[in-house]
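Worksheet: the structure to be examined is printed underneath.
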Amino acid sequence: MDFSIFGYQFMQNAILSAFLGGIACATIGVFVVLMHMPFIGVCMSHAAFAGALLGLWLGFNPLVGAFGLSLLSAAIIGPLADRGELSPETSIGVIFSLMLGLAFLFMGLMPGTKSGALELLWGSILTNTRSDIILLGIVAVVVVALVFLFFKEIQATIFNRDTALAVGIPAALFLYGILFLTGATITASLRSIGGLLIFSLILNPAAAAYQLTYNMKKMFLLSAAFGVLSGWVGLLFSYFFNAPSGATIVVTSSVIFLIAAIFSPKRKVKGWQSQLLQEEQP
Amino acid sequence: MVKAEDGVSMDNELIVIENAVVSYREDIALRGVSLKVSKGEFVGIIGPNGAGKTTLLTVVNGLGKLLEGEVRVLGHYLAAGNGHSLRKRVGYVPQVQNIDPRMPICVREVVMIGRYGILGLFRRPGRSDYEIVDEALGLVGMSHLAQRPIGHLSGGELQRVSIARALVQQPEVLLLDEPTASLDWKAQSDILELVKMIHDTRSLTTLFVTHDLSCLPVACDRVVLMKEGNIWGEGSPDELLTDINLGLLYDMPVSVVEKRRKKAVPVN
């Protein structure tokens with residue numbers, strides 16, 4: 001096999017992007033999986049896509065539009081999920097379909113060629129520039145640093161928001177912080193992975209890690225590792241089979257999830273418990 | 001109605017609620033409730049579903065939104081958004097919660113969450129925090145399950161963990177919101193005994209919302225009966241928990257109350 005391709009600048013950029021994006025997305029994914037809010041993430045990624053298209057149509061920076069609309073959707077859904085007043089699934093469903101509708105509306109209104117729009121839909125990690133990598137790097141460092149700094153508050157909020165509140169942790173602040181980080185991560189990864197596919201890179205690595213451990217710190221680490229692995233293996237497949245990179249990355253992450261689910265010790269809770277019981281005996 | 005005299009010193013009244021009105025959406029949950037609780041009291045709160053018992057607890061730990069009235073807890077006046085520092089000093093044990101059986105967090109870590117509020121931002125639990133947690137786990141009889149994932153516990157075990165988590169806050173006030181609901185009879189009386197023992201040894205002030213009438217008289221200094229957002233009666237358990245009162249409280253004929261209570265109280 002010919003590996004000389006890795007000597008090229010664009011390939012090195014792609015490898016670095018996959019590393020940074022994989023870490024950021026997979027870390028966010030742990031929140032999404034453990035707080036049981038996958039559809040909030042799906043909704044936000046489509047909002048980001050719609051926002052980017054708005055930017056393309058009206059001629060401002062698509063990333064500003066993406067960040068703005070994904071935060072707007074979080075600002076609408078967050079309080080609903082927080083208070084549990086409306087059924088969150090219903091309100092997220094409404095916002096999700098609205099965002100998809102807006103995206104296609106903006107695409108339709110856009111004059112001229114739609115290639116820029118389609119690129120945001122599918123993503124193109126191989127054309128990532130230095131500024132894309134810097135943005136991804138900033139987001140990845142901020143996400144990891146915040147998880148590290150506020151691990152105990154995040155752990156309590158993820159476990160149970162009412163409990164976190166009852167022991168004196170401002171749980172609502174952390175919930176909104178998590179939604180804000182989700183919006184930022186989706187925005188930064190939008191050009192690499194694409195609006196339609198980004199969410200699987202958030203969900204799949206964390207869902208795979210969730211199958212394998214009962215320790216939250218390990219889950220964060222495993223998830224980040226799976227995220228990076230999905231990106232790198234996906235890139236390899238993309239190169240060797242000349243396939244779109246966003247798609248191969250997402251398919252790889254799904255395969256990792258499947259393997260984790262098959263070998264999950266959590267599916268054999270009974271066996272696991274009997275092992276513990278043996279340990280407990282004097 | 002038994003009420004604290006005005007002459008009682010202010011320091012002794014840890015909880016003072018005056019004419020509290022709380023509403024959720026269109027429903028009024030508390031309609032002008034006044035209650036004083038002195039240091040060291042064990043108060044049972046009883047009433048039908050929807051009487052405002054849980055809302056009363058949220059007012060005490062600063063989560064309720066007051067429309068009218070005044071609430072002072074541990075010298076702290078309740079206002080919107082200022083409850084975080086108060087809640088660090090108030091232990092709260094909720095009803096049995098549904099927990100994701102695969103949640104990646106173990107019993108010891110869940111109890112440690114009780115320390116997180118007091119520790120504050122940027123500080124990690126140290127050795128003394130782990131000692132406090134392990135002591136609390138021992139007290140509630142859960143040491144042997146410390147490393148077990150929280151989702152694998154039974155309802156009774158979960159409540160013991162919740163009590164341990166409230167204890168590691170080293171609270172001055174302990175609030176329990178139907179901690180024994182949905183538990184079997186033995187677990188119910190075990191939990192009540194445990195709470196009473198902790199109340200006495202740690203000289204806490206305890207508010208206990210419950211439906212478990214058979215065990216209450218033994219534990220409580222005072223009983224508060226609630227109905228439709230009001231305090232309907234207050235006094236010693238023996239005086240107040242009569243078949244006639246319970247019939248009025250739950251809108252049931254006295255004869256039915258008598259029959260059911262006989263059935264409910266297990267033979268010793």
Let me check the size of the stretch A:52-186 from its C-alpha atoms; what are the radius of gyration and Dmax in Å?
17.7, 57
How charged is the neighbourhood of residue B:242? Take every other residue with its Cβ under 11 Å from the Cβ of residue B:242, and add Lys/Arg as +1 and Asp/Glu as -1.
-3
Say we join alpha carbon atoms closer than 10 Å with springs in a Gaussian network model of chain B; which of B:205, B:58, B:242 then has the biggest fluctuation?
B:242
Rough spin-label spacing in nm, given labels placed 7 Å along Cα→Cβ, for residue A:149 and residue A:114:
4.3 nm
Zero-based 5 Å bins, Cα pair distances in the stretch B:19-165, whole percents:
2, 8, 15, 17, 17, 16, 13, 9, 4, 0
Under 21 Å Cα to Cα from residue B:259, which lysines show up? Leave out anything in the same chain fewer than 8 places away.
none
From the convex hull of the Cα coordinates of the protein assembly as shown, what is the mean projected area in square nanometres?
30.8 nm²
Which entries in the list B:39/B:65; B:186/B:262; B:88/B:186 go over 21 Å, if you measure between the two C-alpha atoms of each?
B:39/B:65; B:88/B:186
Quick check on chain B: what are the equivalent-ellipsoid semi-axes from the Cα gyration tensor, as sqrt(5λ), descending, whole Å?
30, 24, 17
The stretch A:7-280: Lys pairs at Cα distance under 23 angstrom, eight or more positions apart or on different chains
7
Neighbouring Cβ atoms within 10 Å as the yardstick, rank B:178, B:13, B:131, B:68 fewest first.
B:131, B:68, B:13, B:178
If R₀ is 51 angstrom, what is the calculated FRET efficiency for the pair residue B:70 and residue A:221, using the beta carbon separation as r and rounding to 0.05?
0.55
Once you've got the GNM for chain B with C-alpha springs shorter than 10 Å, pick whichever of B:89, B:115, B:202 has the biggest mean-square fluctuation.
B:202
Can you pull the Rg over Rh of the stretch A:7-280, Cα-only, Kirkwood?
0.99
Selected from A:163, A:129, A:113 as most flexible by GNM, with chain A as the system and alpha-carbon contacts under 10 Å:
A:113
For the charge dipole of the protein assembly as shown, defined by +1 on Lys and Arg C-beta atoms and -1 on Asp and Glu C-beta atoms about the Cα centroid, which residue among A:185, B:119, B:141 has the Cα displaced farthest towards the positive pole?
A:185
For A:130, B:87, what ranking results if the residue with the fewest other Cβ atoms within 10 Å of its Cβ goes first?
A:130, B:87
Surrounding charge for residue B:219, neighbours by C-beta under 12 angstrom, Lys/Arg +1, Asp/Glu -1, total -3
Using only Cα atoms, locate the centre of the stretch B:216-250 and the centre of the stretch A:66-80, then give the distance between them in Å, rounded to an integer.
48 Å
Residues B:142, A:99, B:197, sorted so that the one with the fewest Cβ neighbours within 10 Å comes first
B:197, B:142, A:99
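Read-outs: derived from the displayed coordinates by stated rules, not from any lab. Note that this is a predicted model, so its numbers are computed, not measured. Counting neighbours? That spans all protein chains shown, and the Cβs are built from the backbone with ideal geometry, glycine included.
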